Amino acid sequence: MMIVILGVLRFLLITLLCGVFACTAILVIPFDRGGRLFHANARTWARVVLFVGGIRVSVLGLDKVPFTRNYVYVANHASMFDIPAIIAGIPDQIRIVYKKELEWVPLFGWGLRWGSYIGIDRTGGSRALVSLEEAAKRIRDGASVLLYAEGTRTIDGRLQPFKRGAFHLAARAGVPVIPLTVNGTFPILKKHSMVVRPGDVELVLDRPIPFTGSDKQTEQKLMEDVHNVLSSNYRNQEE
């Protein structure tokens with residue numbers, strides 16, 4: 001019972017910290033150029049959140065990535081703690097691609113809307129196409145981005161089938177894709193839970209995969225290649 005109570009207290013404190021850092025993110029936006037101040041604020045938030053949660057992050061494969069250009073990072077999604085672990089652990093100017101519905105969340109959503117991260121309209125139709133092209137342009141202009149290939153968080157700790165959305169965006173942007181495996185976040189905070197448990201997170205970077213082509217067959221091949229890499233590095237996290 002005490003473990004649960006402490007876990008809920010961590011969750012509430014982290015929620016409060018999200019509101020505080022959302023306010024600081026909004027304050028720096030008028031002075032930001034290229035999103036660097038916004039991302040620096042996000043990295044500070046990520047490190048504080050990980051500290052409060054008792055979470056340690058290690059990164060493997062940093063020597064495989066030349067951080068001299070922009071990429072599309074494609075990762076699995078197991079927990080809300082994937083984001084702070086990646087932001088704090090990867091030494092790159094990464095922009096998060098998020099669903100635009102989050103912009104309705106007070107403070108946190110407002111920071112996303114006016115900041116340097118990239119919102120995608122998933123309702124379909126012309127608005128979805130416009131947001132997709134805007135995201136591709138941001139990538140081509142020099143921002144690395146993070147996409148989750150599964151589309152949503154796993155509910156059982158296993159790697160889920162991939163969806164084409166991340167790879168379609170990579171095709172439009174025409175930049176290399178980096179497979180990024182996230183291990184250890186699922187038991188820290190499961191989907192629909194409010195109990196944060198301390199733990200160790202491992203990020204595994206693989207070599208960039210060049211994207212050559214823009215047809216569905218090329219996207220499918222890229223999706224299969226990335227899935228194979230993540231499958232080989234992924235550790236099932238169910239208890």
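The table below lists the values:
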item	result
Residue in the stretch 75-85 that is in contact (Cβ under 8 Å) with a residue 40 or more places away in the chain and in contact with a Pro (Cβ under 7 Å, 6 or more places away or on another chain) present	no
Any hit, the stretch 180-188, residues being among the hydroxyl-bearing types (Ser, Thr, Tyr), within 16 Å of the chain's Cα centre (by Cα), crowded, with 16+ Cβ neighbours inside 10 Å and on the phi < 0 side of the Ramachandran plot	yes
Residue match in the stretch 90-111 (condition: hydroxyl-bearing (Ser, Thr, Tyr), in contact (Cβ under 8 Å) with a residue 60 or more places away in the chain and under 19 Å from residue 166 (Cα atoms))	no
Criterion (under 17 Å from the mean Cα position of the chain (by Cα), closer than 21 Å to residue 36 by Cβ, of a type in the set (S, T, N, Q) and surrounded by 18 or more Cβ atoms within 10 Å (Cβ to Cβ)) met by exactly one of 79, 116	116
Residue in the stretch 211-220 that is closer than 18 Å to residue 83 by Cβ, touching a Gly at 6+ places or on another chain (Cβ under 9 Å) and in contact (Cβ under 8 Å) with a residue 40 or more places away in the chain present	no
Output for the stretch 184-237, where each listed residue is among the small types (Gly, Ala, Ser), within 19 Å of residue 50 (Cβ to Cβ) and in a loop (DSSP other than H, G, I, E, B)	184, 193
Positions within the stretch 143-158 being over 16 Å from residue 73 (Cβ atoms) and either part of a helix (DSSP H, G or I) or in contact with a Ser or Thr (Cβ under 9 Å, 6 or more places away or on another chain) (or both), in sequence order	153, 154
First in the stretch 29-44 and surrounded by 12 or more Cβ atoms within 10 Å (Cβ to Cβ), second anywhere and assigned to a helix (DSSP H, G or I) and polar (S, T, N, Q), Cβ under 9 Å, 6 or more apart	41/24; 44/24
Only one of 206, 200 that is within 17 Å of the chain's Cα centre (by Cα), surrounded by fewer than 22 Cβ atoms within 10 Å (Cβ to Cβ) and not hydrophobic (A, V, I, L, M, F, W, C)	206
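Readers should treat all values here as calculations from the given coordinates under stated rules, not as data from a laboratory. Since the model is a prediction, treat every value here as computed from it, not as a measurement. So basically every Cβ, Gly included, is an ideal-geometry build from the backbone, and we count neighbours across all protein chains shown.
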